[in-house]
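Have a look at the structure below before the remarks.
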Amino acid sequence: LPSYLRVYKNTFLSTYMVTYMPEYEKLKCRDDDVYVMSYPKCGTTWMQAIVWLVMNDADVAFQGGSKALDELFPMLEWPFNSKDMAEFGKLKKLPECPDWEARPSPRLFKTHLNFQLLPTEIVERTKTPKIVYVSRNPKDTAVSFYHFIKGFDSSLFGVHNDFANSTFPEFYKYYMQGKCDYGEYWAHQVDFWERRHWKNILFVKYEDMKKDLKGEVRRVANFLGKNLSEEKIDKIVEATTFSSMKRNNTVNYTGMKAGRTQDATPFMRKGVAGDWKNYFTAEMSDNMDAVTQQKFADSGLQHEYE
Ligand code: A3P
């Protein structure tokens, strides 16, 4: 097991996350909170940018603005904004997080937690914040995760990054067993997919965003109750293409040097469907197909792979 992981209620989480879990579970939610939820590397940042722009009337100040996405969009798992990055060693407790509870509605959050670990009010449906869930095929997600974790500067957490020098086949073994942050990929997807008919959940696929970004942006806007003009939808689309986001320091995490090693792959790496073919052997691919078939079969969930 990677040394920075712990088991919390049957899910592998980073050590620092485990210390926060009791507080997250008790989080006071609001019906008008908006969440972007996902398994890591499924297109979270992309969806955060879209949701932020939809909620802020396609405000282009977003591009090249002085604020980082983290600041505009607190992450449930990292309860601090980008200015606090330097303080990784002494993470603030949730109640002390800048304006967390006082922040006016609608508040925007992001989390990678699986369904079971969400705030109790969400799980028990006593509160129904809006949830946009992004899903991506398991193969591209694995490749993206591999590059991300390899370049992660874990020394900031006082732990060793067991994957720093790993090859993709090595990482793959752990991924298949759900031995990475936020646990198993498949269970994470299915738990949200099975609740996709809930009024407060929108299930979006990365591959659909690649094929028809405008259509998916419109779906998100409708779900969030925003009636945006054609012109504004177009503006959002233009600002959230891969090339725009790669150039945009608000969202490309270049400011997040503290969390990445010097030679890390850029956060905005390739942004395509199908890069897995450059990393998977035929055997690995067949093996993952079989697992996916078995774990998704009854649910009807399917992804495109290129
Ligand atoms: P790759 O590593 O395959 O390039 P997350 O935000 O959940 O960590 O996901 C990161 C992945 O989403 C990366 O995938 C990144 O390049 C991709 N991504 C981010 N913004 C994107 C965009 N506008 N269009 C396409 N892919 C994007």
- [ ] Take every Cα-Cα pair in segment 177-237 and report what % of them are more than 14 Å apart.
- [x] 65
Open item on the list: Once neighbouring chains are kept in place and the probe is 1.4 Å, which whole percent of the accessible area of segment 206-299 is contributed by carbon and sulfur?
Closed with: 47
Task: 1.4 Å probe accessible area per residue over segment 144-203, in Å² - done: 42
Open item on the list: Give me P(r) over segment 266-306, computed from all C-alpha to C-alpha distances, binned every 5 Å, as integer percentages.
Closed with: 5, 19, 22, 22, 18, 10, 3, 0
Task: Unsatisfied cross-links (Cα-Cα over 25 Å) in the set K130/K246; K26/K199; K130/K179 - done: K130/K246; K130/K179
TODO: Evaluate Rg over Rh across segment 202-306, taking Cα atoms for both radii and Kirkwood's formula for Rh.
DONE: 1.04
- [ ] Determine the sum of side-chain charges near H147: Lys and Arg each +1, Asp and Glu each -1, restricted to other residues whose C-beta is under 12 angstrom from that of H147.
- [x] +2
- [ ] Compare the Cα positions of T250, W198, T261 along the charge dipole of segment 180-261 (+1 at Cβ of Lys, Arg; -1 at Cβ of Asp, Glu; about the Cα centre) and return the one farthest towards the positive end.
- [x] T250
- [ ] For segment 128-201, report the convex hull volume of the alpha-carbon atoms normalised per residue, in Å³, without decimals.
- [x] 107
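The values are calculated or read from the model by the stated rules, or taken from the named source; none is laboratory data. All figures in this text were calculated on a predicted structure; none of them were measured in a lab. When we count neighbours, we look across all protein chains shown, and the Cβ atoms used for this are built from the backbone with ideal geometry, even at glycine. Remember, those area values only see protein heavy atoms, side chains included, never the ligands or the DNA or RNA. Shrake-Rupley method; radii C 1.70, N 1.55, O 1.52, S 1.80 Å.
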